[in-house]
Each structure stands twice: as C-alpha cells, then as structure tokens.
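Coordinate-derived values only; no laboratory data. These figures come from a predicted structure and were not determined experimentally. Reconstructed Cβ throughout: ideal geometry from the backbone, glycine too, with neighbour counts over all protein chains shown.
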Amino acid sequence: MMHVRYSTTCSRRSGENMPLLFGKVPMRVLKKIVYKHLGARRSDVILGPSIGEDAAILRAGNEILVLKSDPVTGALERVGFLAVHVNANDVATRGVEPSWMVSTILLPENFDERAIKTICAQMDRAASSLGIAIVGGHTEVTPGLDHAIVIGATAGVAKDGRYVRSDGARPSDKLIMTKGAGVEGTAILASDRRTFLEERVGGRTVARARRFYERISVVRDALIAFRTGGVHAMHDPTEGGIAGGLHEIADASGVGFTVDDSEISVAEETRMICGAFDIDPLQLVGSGALLIACEASMADQIVNRLAEEKIEAAIIGEVLAERGNRFIVRRDGKRAKLPVPKSDHLWRALGFQG
C-alpha cells in the first residue's frame, strides 16, 4: 500500500521516449507539455496551472473561487481521510476556507460493500470536521487496479475577494514552517512498513508515528496565519517534502532563500524511521507542514498566534533576491545548496527505486 497524489513522475534521463519514475512529473515536462494543453483561454481565470501554485483562482460572477483537485492512491487504511485533507489543504493555502468537495472513487475488482463503506465513512468524518460538504462525484469498480484510488476536487470562496498565492514571496520576507518535516511520509511508512520498522525502531515508536495522520491537515494553520496578516505566500509542501516545497515557492516567486537546518523541526519518530530507511526527512512527502512567506515585521506575531492555537511553528529562514541562491545552513554551521529532490524519498523507502 502507498499514498501519492501524482499519477506520473520524474524522468530517469533526458529524451521524450525515456520512462518516468514514480512521483511528481518534473518541471520541464509540465512546461513543455502539460501547460501547453489547457483548453480555452478565459478571462475569468485569474490563476491557472503554474509551478509551485497549489490551487486555481477563478472569478465566478462577483465572487472569487478557489478550486483544487488531487488524487490519493493506495493506503486503503486512510485513503478516504487523506483524499479530503490533501485537497482541503491546498484550498486553505490561499487563505480560503474549503467548503465543497466532489470525489471520484475507483475500486479494484473484488471490493465489497464493507470496503466501500470504510472509504466513505472516512471521507464523511474528515469532511465534517472541516465543515466541507461532499456534493457529488462518481464511484465505480475499475479493471486493472490493485488498490483503491480516490480523486477529490475541493472549492471555497475567497471572503471579500481576499486570497494569497504561492508566487508572492518577496526578498527579506521571513519563512515560517508549521509542525515538522516528513509528517505524512512518517505516517505512511509506519503503516505500510510496520513490521519492518517495529523490528528496527520498536513498536511504541511505530505506534506513535502512525498517529501522525492526525497532523496532516493545515487548514487551521493557513487560515490563522492569513487572518493574522502580513502573509505574502503560502505553500503546502507535499511530494519532495520541505526541500521540494521551498524550491517550489521560490520557483513560483522568482526568488532564492536561506534556511537554518536547526530551526526545521523533525520529530524523533521521523528521524528514527528515516534512519531505518537511510532517507532524508527534508525530502519525504510533507503534508502536515505549511510554508509561509511573510513580512518580516509580522513573523513573530504569526508564530505566536499559531502557538496560541497549539500549532507548532518556527521561523526557519528568509527569502533572498537572487533566485539562484538557495541555501541551507547545516547544524555544523556550514552553508550548502539545498538539493532539489529528484523524486520523493518515500519511493526509495517503499522500494520502487534505488
């Protein structure tokens, strides 16, 4: 079992006929192919598909609508739960409360009604907790699948027409991160590689790590930060983890950054699990964390406001003017370029690539 929200992935080597690895399609493919085939041009599209952007922004009459679609594959234990939260997160990064969801549930052969009920009950509980109405969709048994796929699409209305994008980060902005690195990946590995990990890090650690699913929503994080003020950009670092998310927000905004490794929270459970698989916590799928670029004068206020709501947050760095300058200050004090993840380290841990 596994959970990834992207149906295609990074190229092993250059060339149109080369196979793709598991994970997110590389930026060059998005630019070369995907973004060149987007149907009609409409004046009511404020923001369509763009590098680093989490959700579309549309004008619908007198309202501003935010819309997002994402799939979740595998991870039957939590597939319905995740489908709601990963879609809601991306709407919330606009500073907009998610309100409605439609879903497509694709099931493998031999699925029974009890399994369908499990998925739908998970979606019901997750949506109810966020005030989201599930207003439609489609459910079918699909030939050729060996696990369930749930595809969600979530929308919300920008109150008073106010929203934030991922491309608004400005030089001298402070960078804030909520919760910790690799939250989602920690939960997935603790569930999908439970036996392996119990032998290496212990049953108690694995049990705690499995509860990391409870940390995956960033809806409250995003809405609290946005309403506090001074937020210029927000981004939900999913595939590629914190490292990927930082590069995506920098790509979207045309800026660089420097971050301090000692300020990036990594839970002990995450460190232990990543150590067992020899993977990097900063390159492990990261839903549950939120990256915020904000006015320097508001950074402490945002962190304090989040803390009042019992949401862990810290200033991890700042935005630089030169887009080629993307650094991490390691714990030994040495500064290095932050690598761009070639593919999420979840795949390495699950054995799909070396």
Which of the GluC sites (Glu not before Pro) found in region 75-120 are in a DSSP loop and have at most 14 neighbouring Cβ atoms, other than their own, within 10 Å? E109
For the chain, modelled as a Gaussian network with Cα springs under 10 Å, which listed residue fluctuates most, P71, P171, P108? P108
Using packing as a proxy for protection, rank 303-313, 327-337, 156-166 so that the peptide with the highest average count of other Cβ atoms within 10 Å comes first. 156-166, 303-313, 327-337
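Using a Förster distance of 41 Å, how high is the FRET efficiency between K310 and R170, based on the Cβ-Cβ distance and rounded to 0.05?
Working: r = 29 Å, r/R0 = 0.72.
Working from the Cβ atoms, E equals 0.90.
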Let a ≥ b ≥ c be the square roots of the eigenvalues of the Cα gyration tensor of region 211-303; is it rounded (a/c under 1.5), or, if not, prolate (a/b larger than b/c) or oblate? prolate
Within straight-line cross-link reach of K310, lysines at Cα separation under 18 Å, skipping those fewer than 8 residues along the same chain: K179
A336 label point, 7 Å along Cα→Cβ, cut-off 15 Å on backbone N: hits in region 175-201? none
Paramagnetic label zone (point 7 Å from Cα along Cα-to-C-beta, A153; backbone N under 11 Å) in region 118-138: 136-138
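State to the nearest 20 debye the size of the charge dipole of region 99-236 about its Cα centre, where the only charges are +1 on K and R beta carbons and -1 on D and E beta carbons. Present the calculation step by step, with values, prior to reporting the outcome.
Values: 19 positive and 16 negative charges, 163 e Å.
Dipole about the Cα centre, nearest 20: 780 debye.
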Within region 106-149, trypsin sites (Lys or Arg not before Pro) in DSSP loop having at most 14 other beta-carbon neighbours inside 10 Å: none
Structure-derived log10 I(q)/I(0) by the Debye sum over Cα atoms at q = 0.10 Å⁻¹ - corresponding label in (i) -0.80; (ii) -0.58; (iii) -0.68: (ii)
Kindly provide the helix-only [θ] at 222 nm of the chain, computed as the sum of -39,500 (n - 2.57) over DSSP H runs of four or more divided by all residues, to the nearest 500 deg cm²/dmol? -9500 deg cm²/dmol
Explain nothing, just the number: relative contact order of the chain, from Cα pairs under 8 Å at least 6 residues apart, as a whole percent. 20
